[in-house]
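Enquirer: Once you've had a glance at the structure underneath, I'll fire off some questions.
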Amino acid sequence: MARTLKDLRPVYVVGVGWHRYQNPSDTPYVTLGVTAIREALADARITWPSAESAYVATALLGMASGRPMLRHLGATGIPLSHVENASASGSTAFRQACIEVASGLTDVSLAVGVDKRNPVRRDSTGMDNLAEDAIAQFTHFSLLTNEYAHRHKVSFEDIARVAVKNHRNGAKNRNAQRQQERSLDEVLGGKKVAGSLTALQCTPIGEGAAAAIVASEDGIKRLGIDPGRAIRVIGSTARSERVYAAGLGFDAVLTKETTEIALQEAQVSPQDLDIIELHDAFTVEELHYIENIGLCPEGQGVHLLKDGALDIGGRCAVNPSGGLIAMGHPIGPTGIGQIGEITLQLRGEAGARQHPKARTGLAHMVGVGAVCYVHLLQRP
């Protein structure tokens, strides 16, 4: 029988750090990545030689991009692995670091994500900072928005409230790319992208970095890390898409399958979740995913949203970081940044974004619809 992360020795997040997610700039990616790593080391209160392995997540930088970053920290000879898995690259790197520590191969491992890209200007539309395939993506999710609104008899305005919530959260996050609250009128009145979708309902193109350090109990004791700030990783599940029946949204079905396995392995129910950080590149995705995570029945996500149940201080804070819509989605760092936000929340260190009495959090990412990663973290 296959073993799960919870069957192995306990693994904990002991340090997290970021370089703020930002619009494309002249900042070298090495500066982005090293900034995040150093912040994570300082957060854990350890030095670079304590790290015994490193996983570097990127989707855009090309071959062996971790080497120029890590050499600035010191040539310690540790194993270095590069990970590319589309939007789930960071989530994949984090899972590999957790598996290595949980298996006993190492006591301390680093997962860092970093990416940057050049903006693409589309003179025919006047839209800046769009990925090469952005129009196809916008069209796809615009059609999903139309389908969701029609099937569940909700308005485009109701769906846009996801963006209002997430911009409000991002305004309280010093690491977010978008740090401005937006009214519903501002969200709806923004630049049209496709169908009912406006630019403020979509993730921006940007750059940045995020890092997380994971450690075993032995590593925590040996290095004198404060165990009171260590957050346990109680579940890690990864799946890829299968052949689904016609008419089913593959991202949503894959999310449902992956989350059900993760929750079962960790012996946690959706009702136990205090924090959820999920892949909301477009507003409708958040509704699809909270329903398939099991937070509410299909079609009821808008009602939770309008009732404030998904707000910080509500039933379950969904994307308190600002999510991909406001925090941003540099790609390589995104999944690791989610882990960082949940860690802050479960420690009670999230400041103005703090969700009261947070104990259990779930991080979710999909990668081009082909893969899905779900991690569960819990305050001991």
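The values are calculated or read from the model by the stated rules, or taken from the named source; none is laboratory data. Here the structure is a predicted model, which is why all the values come from computation and not from measurement. All Cβ positions, glycine included, derive from the backbone under ideal geometry; neighbour counts span all protein chains shown.
Enquirer: Of the residues Ile325, Ile339, which is in contact (Cβ under 8 Å) with a residue 24 or more places away in the chain, in contact with a Cys (Cβ under 8 Å, 6 or more places away or on another chain) and crowded, with 24+ Cβ neighbours inside 10 Å?
Expert: Working: Ile339 fails: in contact with a Cys (Cβ under 8 Å, 6 or more places away or on another chain).
One residue alone meets the criteria, Ile325.
Enquirer: Could you run through region 297-322 and say how many residues are closer than 29 Å to Asn85 by Cα and buried (at least 24 other Cβ atoms within 10 Å of the Cβ)? Let's see the steps before the verdict.
Expert: To start, the set of residues in region 297-322 that are closer than 29 Å to Asn85 by Cα comprises 298, 301, 310, 316-322.
With buried (at least 24 other Cβ atoms within 10 Å of the Cβ) added as a condition, the list becomes 301, 310, 316-322.
Result for region 297-322: 9.
Enquirer: Continuing with the same structure: How many of the residues making up region 1-20 are modelled with pLDDT of 95 or more and either among the acidic types (Asp, Glu) or crowded, with 23+ Cβ neighbours inside 10 Å (or both)? I'd like the intermediate steps shown before the answer.
Expert: Filtering region 1-20 down to residues modelled with pLDDT of 95 or more leaves 9-20.
Imposing the further condition that a residue be either among the acidic types (Asp, Glu) or crowded, with 23+ Cβ neighbours inside 10 Å (or both) reduces the set to 11-19.
The total comes to 9.
Enquirer: Could I ask something else about it? Given the structure, is Thr76 of a type in the set (Val, Ile, Thr), farther than 24 Å from Thr343 by Cα and surrounded by fewer than 24 Cβ atoms within 10 Å (Cβ to Cβ)? Explain how you work it out, then say what you get.
Expert: Numbers: of a type in the set (Val, Ile, Thr): yes; farther than 24 Å from Thr343 by Cα: yes; surrounded by fewer than 24 Cβ atoms within 10 Å (Cβ to Cβ): yes.
The answer is yes for Thr76.
Enquirer: For region 332-380, how many residues are within 14 Å of Val13 (Cα to Cα) and at pLDDT below 95?
Expert: 1
One line per residue, one yes/no per condition, for (1) in contact with a Ser or Thr (Cβ under 6 Å, 6 or more places away or on another chain); (2) among the hydrophobic types (A, V, I, L, M, F, W, C); (3) modelled with pLDDT of 95 or more:
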| site | (1), (2), (3) |
| --- | --- |
| Thr47 | no, no, yes |
| Ser53 | yes, no, yes |
| Ala75 | no, yes, no |
| Phe94 | no, yes, yes |
| Arg121 | no, no, no |
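Enquirer: Now a separate question. Filter region 342-354 for residues that are hydrophobic (A, V, I, L, M, F, W, C) and either in contact with a strand residue (DSSP E or B) (Cβ under 8 Å, 6 or more places away or on another chain) or closer than 18 Å to Ile290 by Cα (or both); which is surrounded by the most Cβ atoms within 10 Å (Cβ to Cβ)?
Expert: Narrowing region 342-354 to residues hydrophobic (A, V, I, L, M, F, W, C): 342, 344, 346, 350, 352.
Subsequent filtering for residues that are either in contact with a strand residue (DSSP E or B) (Cβ under 8 Å, 6 or more places away or on another chain) or closer than 18 Å to Ile290 by Cα (or both) retains 342, 344, 346.
On the way: Ile342: 30, Leu344: 23, Leu346: 24.
My answer is Ile342.
Residue-wise test of (1) at pLDDT 95 or above; (2) assigned to a helix (DSSP H, G or I); (3) at positive phi; (4) surrounded by fewer than 24 Cβ atoms within 10 Å (Cβ to Cβ).
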residue: His150; (1), (2), (3), (4): no, yes, no, yes
residue: Lys172; (1), (2), (3), (4): yes, no, no, yes
residue: Glu181; (1), (2), (3), (4): yes, no, no, yes
residue: Val187; (1), (2), (3), (4): yes, yes, no, yes
residue: Ile213; (1), (2), (3), (4): yes, no, no, no
residue: Asp218; (1), (2), (3), (4): yes, yes, no, yes
residue: Ile225; (1), (2), (3), (4): yes, no, no, yes
residue: Ile234; (1), (2), (3), (4): yes, no, no, yes
residue: Gly247; (1), (2), (3), (4): no, no, yes, yes
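Enquirer: Pairs under 6 Å by beta carbon, first residue touching a residue at least 40 places away in the same chain (Cβ under 8 Å) and of a type outside the set (A, V, I, L, M) in region 174-186, partner surrounded by fewer than 16 Cβ atoms within 10 Å (Cβ to Cβ) and assigned to a loop (DSSP other than H, G, I, E, B), six or more apart or different chains?
Expert: none
Enquirer: For region 308-348, enumerate the residues that are among the acidic types (Asp, Glu) and in a loop (DSSP other than H, G, I, E, B). Before you say what the answer is, go through the steps one by one.
Expert: Taking region 308-348 and keeping what is among the acidic types (Asp, Glu), we get 311, 341.
Matches in region 308-348: Asp311 only.
Enquirer: Scan region 256-307 for residues that are closer than 29 Å to Asp7 by Cβ, in a helix (DSSP H, G or I) and of a type outside the set (A, V, I, L, M) and jot them down. Reasoning before the result, please.
Expert: Taking region 256-307 first, the residues closer than 29 Å to Asp7 by Cβ are 256-279, 289-290, 292-295.
Restricting the remaining residues to those that are in a helix (DSSP H, G or I) gives 256-266, 270-272, 289-290, 292-293.
Answer for region 256-307, where residues must be closer than 29 Å to Asp7 by Cβ, in a helix (DSSP H, G or I) and of a type outside the set (A, V, I, L, M): Lys256, Glu257, Thr258, Thr259, Glu260, Gln264, Glu265, Pro270, Gln271, Asp272, Tyr289, Asn292.
Enquirer: Taking only pairs six or more apart or across chains, which ones have beta-carbon atoms under 7 Å, a first residue in region 364-380 that is touching a residue at least 60 places away in the same chain (Cβ under 8 Å), and a second residue that is aromatic (Phe, Trp, Tyr) and part of a strand (DSSP E or B)?
Expert: Met365/Tyr373
Enquirer: Also, quick follow-up: Do we find a residue being in contact with a Phe, Trp or Tyr (Cβ under 9 Å, 6 or more places away or on another chain), in a loop (DSSP other than H, G, I, E, B) and surrounded by fewer than 22 Cβ atoms within 10 Å (Cβ to Cβ) anywhere in region 64-73?
Expert: Taking region 64-73 as the starting set, the residues that turn out to be in contact with a Phe, Trp or Tyr (Cβ under 9 Å, 6 or more places away or on another chain) are 65-66, 68-70, 73.
Restricting the remaining residues to those that are in a loop (DSSP other than H, G, I, E, B) gives 65, 73.
Subsequent filtering for residues that are surrounded by fewer than 22 Cβ atoms within 10 Å (Cβ to Cβ) retains 65, 73.
Yes, because at least one residue in region 64-73 is in contact with a Phe, Trp or Tyr (Cβ under 9 Å, 6 or more places away or on another chain), in a loop (DSSP other than H, G, I, E, B) and surrounded by fewer than 22 Cβ atoms within 10 Å (Cβ to Cβ).
Enquirer: Asn23 versus (1) over 20 Å from the mean Cα position of the chain (by Cα); (2) surrounded by fewer than 18 Cβ atoms within 10 Å (Cβ to Cβ): which is the lone unmet condition?
Expert: All conditions are met except number (1).
Enquirer: Could you check Gln271 against (1) of a type outside the set (Ser, Thr, Tyr); (2) at negative phi; (3) surrounded by fewer than 22 Cβ atoms within 10 Å (Cβ to Cβ); (4) modelled with pLDDT under 95 and say which number it fails?
Expert: (4)
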